[in-house]
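Here's the structure, in structure tokens; my notes come after.
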Amino acid sequence: MQYNLVFDYVGLFMLIVMLLYFRPKGQSALASYRVFYIILFSLLLTAGLDILTVVYRMQPEVLPKEAVALINLFNCMVQLFVVVAYTAYLKAITQMESWLTKGWSRMIYLPYIIAFAITSVFAVRNCMIGERGDTFRDHPILKILFAILLFYYLITALIIGLQSQGVLGRKRTTHLMISAVLLEGLQLMQVMHTRIYIVVFFSALVMLHVMLLVQRAEKLFDSADALKKEVLIRSTEEDYQTQRDFFVMFIRFLDYDVLEDAIGQEDAEAFMRQAVIYLNGLRRDDLVFRIEKSCLLLKLPKNEKEERWGMPEEIREAVCKRFGEPWRAGLMQSMLSAAFVTANCPEEIPCMNDFQKVVDRIQKADMEAGEILPVRKLLSENEDAHILEAIRRALKEHTFQVYYQPIYSTKEKKIVAAEALIRLFDPEYGFIPPEAMITMAEKEGYILEIGEIVFTEVCRFYSENQLDRIGIRYIEVNLSAVQCMQTRLAEEFMEIMRRFNLSAEQINFEITETSAMISNAVVTHNISHFELHGISLSLDDYGTGYSNISYLYNLPFMFMKIDKSILWSAESNEKADIILRNIFRMAQRLHLKVVMEGVETEDQIRKLLALKCDYFQGYYFSKPVSGKDFIEYVRNFTLPEICKS
């Protein structure tokens, strides 16, 4: 039998050209570009396996039947994977370039994995009974299985298309759906007629159609291969709407106009392109945007595997260090002086309006080479007035919220407490950072009223939900320095506890080092009054206040809460590690229970368990959540493996 591989060779050439064109874009963390690149590579691999299959059929003695079976198995499954990858591509391009959720990943990949396993069984069976290595592909059961699988992916593609018209528009969606039908049809033809070698060529034509009409690089990328500003706005709006956490690093080139005047726009763009290539290569999922001619933005999505909440130190240090060195483009070499702004979103940039403000203001900000400017400085214009307005509105409309961050006991191996944290979500200004809100409340004299609101809500929440029945022994409540200096603070708070029938053991007051150092008879009276009535006290944020530690033996603290900055520094700083270990020794000798704040990684947990830490609090277990979510978290708490030893 004669085999015509002309179509495969032409398809092979087309795919190589498309892959070469796509390579710079394939480095982008955009999900659609990466998956599109995978589809092209899968088709290229299919063409190569087709050629190997024909070589065997023309010269059967060249390869043993086991090798032939393996080649045919992979050829068959790679062909089907093209359809699977195209379905993933559709989902990626329609959900603002985000990677697949677990639910969609299972829905798309699980049927294919099952089919792969079944096909492998048939291939192995073929070899065991001594048949030719490629005949298993003609088995009627497999043909029915593949037909059902292809029909499943066609329906899935159509469902995605119907859901995505509002995102992509009718025209682009139509092109994608037509391409899906064509790809499914081509793969079905290959399944039914395994000796026809035209599928790769026509599949390459389909992908060329998608590339030219849908996946057009010029719509998303600028001349330096950075994503355009409008893509940033769309994807960031999606992040805020879906409450996804992410980090950003703005990189502003201070002398870009001078460089452009000196060497010309084209050569200046060559240097910018080198910077984009470098930033794209830092981590797999990062996105690089160009928000102005002389300003880039590095966006790092935070996922479940992210160990540290905040701009990863190694990324920030690496970028700052690299921009302190010369850059080379062709035969030219030049410095690219840059200044930086980093932020955690939505923690430091709470809403899309504020994000847009930062984007607009960074070009006008007064910055120096190498400077890392706090993002709050770009948001500070009229910020104080907005925060004050938000506080007054929340007091009037009773919209302050109390969130709870779980505290884990290493001895009991369960959640036993929580810290109460105030949150303000203003209808006009969005999320107000707690630090800024509390500072303004203290300055304007609202902190006492807010403190009473928080404490009353904590007592109500504990009492109404009977938290002791789910193992929550106490709630920690922060007391500010201003509150501690109020004459009747202890009496008023004790009265609130009596109103809600709370016992002394169910409340713990956190007092900062700064408050503890205040030499004031009223402060001493309040602390003594709490102790007299059996309410425990915690020394909060230990390690960030004064160096005088006499309050550790003069005041009746039961708990010491070590600030997270010491733990994080101890991971890379030997001196900080020595200090951390000695704090634990001192606390244990003073019979203080230690609560470690900011616990976020398994390595930190191993270190703290070795130091015999009593309690963990941090994002490894949970971020601060609403009361309802806190109760659900405690009821469904599963002990992590690292804590079982």
For this session: Would you be able to say whether some residue in the stretch 161-175 is closer than 23 Å to residue 55 by Cα and at pLDDT below 90?
Result: no
For this session: Could you check, for the stretch 46-59, whether at least one of its residues is at pLDDT 80 or above, within 32 Å of the chain's Cα centre (by Cα) and farther than 15 Å from residue 187 by Cα?
Result: no
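Of all strands (runs of 3 or more DSSP E) completely enclosed by the stretch 356-444, which ones contain at least 2 residues that are aromatic (Phe, Trp, Tyr) and either open to solvent by 60 Å² or more (accessible area, probe 1.4 Å) or touching a Phe, Trp or Tyr at 6+ places or on another chain (Cβ under 9 Å) (or both)?
401-409
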Problem set entry | Unique match (being assigned to a loop (DSSP other than H, G, I, E, B), among the aliphatic types (A, V, I, L, M) and over 15 Å from the mean Cα position of the chain (by Cα)) among 224, 270 | 224
Exercise. Given the conditions (1) at pLDDT below 80; (2) open to solvent by less than 40 Å² (accessible area, probe 1.4 Å), which single one is not true for residue 2?
Worked result: (2)
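Can residue 234 be described as assigned to a helix (DSSP H, G or I), of a type in the set (D, E, K, R) and surrounded by fewer than 18 Cβ atoms within 10 Å (Cβ to Cβ)?
yes
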Exercise. Name the pairs whose Cβ atoms lie under 6 Å apart, with the first residue in the stretch 185-200 and closer than 17 Å to residue 42 by Cα, the second outside any helix (DSSP H, G or I), and 6 or more positions between them or separate chains?
Worked result: 197/5
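Residue check: is residue 108 modelled with pLDDT of 85 or more, surrounded by 19 or more Cβ atoms within 10 Å (Cβ to Cβ) and among the β-branched types (Val, Ile, Thr)?
Judged against the criteria, residue 108 is a match.
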Problem set entry | Odd one out for residue 251, checked against (1) assigned to a helix (DSSP H, G or I); (2) open to solvent by less than 10 Å² (accessible area, probe 1.4 Å); (3) not polar (S, T, N, Q) | (1)
Exercise. Hey, among 267, 285, 222, 261, which residue is out of contact with any strand residue (DSSP E or B) (no Cβ under 7 Å at 6 or more places or on another chain) and either open to solvent by 20 Å² or more (accessible area, probe 1.4 Å) or modelled with pLDDT under 90 (or both)?
Worked result: 261
For this session: Please work out which one of (1) assigned to a helix (DSSP H, G or I); (2) open to solvent by less than 40 Å² (accessible area, probe 1.4 Å); (3) not polar (S, T, N, Q) is the condition residue 482 fails and give its number.
Result: (2)
Exercise. Does residue 446 satisfy being over 28 Å from the mean Cα position of the chain (by Cα) and in contact (Cβ under 8 Å) with a residue 24 or more places away in the chain?
Worked result: yes
Problem set entry | Identity of the residue in the stretch 341-355, part of a loop (DSSP other than H, G, I, E, B) and in contact with a helix residue (DSSP H, G or I) (Cβ under 6 Å, 6 or more places away or on another chain), that ends up least open to solvent (accessible area, probe 1.4 Å) | 349
For this session: Could you tell me whether the stretch 128-151 includes any residue that is closer than 18 Å to residue 39 by Cβ and at pLDDT 70 or above?
Result: yes
For this session: Could you please let me know if residue 277 is of a type in the set (Val, Ile, Thr), within 18 Å of residue 343 (Cα to Cα) and out of contact with any Lys or Arg (no Cβ under 6 Å at 6 or more places or on another chain)?
Result: no
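The values are calculated or read from the model by the stated rules, or taken from the named source; none is laboratory data. Since the structure is predicted, the reported quantities are computational estimates derived from the model, not experimental observations. Cβ atoms come from the backbone with ideal geometry, glycine included; neighbour counts cover every protein chain shown. Remember, those area values only see protein heavy atoms, side chains included, never the ligands or the DNA or RNA. Shrake-Rupley method; radii C 1.70, N 1.55, O 1.52, S 1.80 Å.
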